[in-house]
Amino acid sequence: GIGLVLLSVVAVTLKKKDYATTSPQQRDRAIAWEGRYEDDVRVARFIDAHSTRADGLFAFPSRADLYFLADRFPATPYLWEHTPLVRASTAAAIRARLASPARPKFVVVIEGARDTDPSGRLPRVIDRDYRTVWRPPGVHHMRVMLVRGAAL
């Protein structure tokens, strides 16, 4: 009980001390979301250069800033990341959309993210119907995939 609370307080205090004594540049690099945002900017530029607003986009899992930066609407009405509310019917609807003739031109896969489809079928649909065409330089956890048969 109390030991765990004290350990948590000590850990947070040490982290704040480290953060407070670093340079502004080191603090900027320490903010994890900043790098993620820069990755999304590069991916959005690639998608914008190789598609129109009429072409669909699906980020797996969802990245709202990626849709905004690319000026694209999501291919599905489902936007989530790290939610316990994903139902089997939602995952099935996304799989059906990605396998349909009206599927989006691009899928951006963020690897290492929590699987939003416990069945594992969504990644299989993506791998079957899409091919990797680009990764941001130096970024190994993201890949831009193009629907098979479409020109880049």
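Structure summary
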{"item": "Pair list, Cβ under 8 Å, 6 or more apart: the stretch 46-60 residue under 15 Å from residue 135 (Cα atoms), other residue of a type in the set (Asp, Glu) and part of a loop (DSSP other than H, G, I, E, B)", "result": "48/71"}
{"item": "Residue 144 modelled with pLDDT of 95 or more, within 13 Å of the chain's Cα centre (by Cα) and surrounded by 13 or more Cβ atoms within 10 Å (Cβ to Cβ)", "result": "yes"}
{"item": "Qualifying position, being surrounded by fewer than 19 Cβ atoms within 10 Å (Cβ to Cβ), farther than 16 Å from residue 41 by Cα and modelled with pLDDT of 90 or more, among 101, 137", "result": "101"}
{"item": "Qualifying residue in the stretch 62-72 (condition: at pLDDT 90 or above and touching a Gly at 6+ places or on another chain (Cβ under 9 Å))", "result": "yes"}
{"item": "Options 131, 103: the member that is in a loop (DSSP other than H, G, I, E, B) and within 19 Å of residue 51 (Cα to Cα)", "result": "103"}
{"item": "Candidate set from the stretch 33-50 (those that are within 23 Å of residue 101 (Cα to Cα) and touching a helix residue (DSSP H, G or I) at 6+ places or on another chain (Cβ under 8 Å)); member that is surrounded by the fewest Cβ atoms within 10 Å (Cβ to Cβ)", "result": "48"}
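The values are calculated or read from the model by the stated rules, or taken from the named source; none is laboratory data. Computed from a predicted model, the values in this text were never measured in an experiment. Virtual Cβ from ideal backbone geometry, glycine too; neighbours counted across all protein chains shown.
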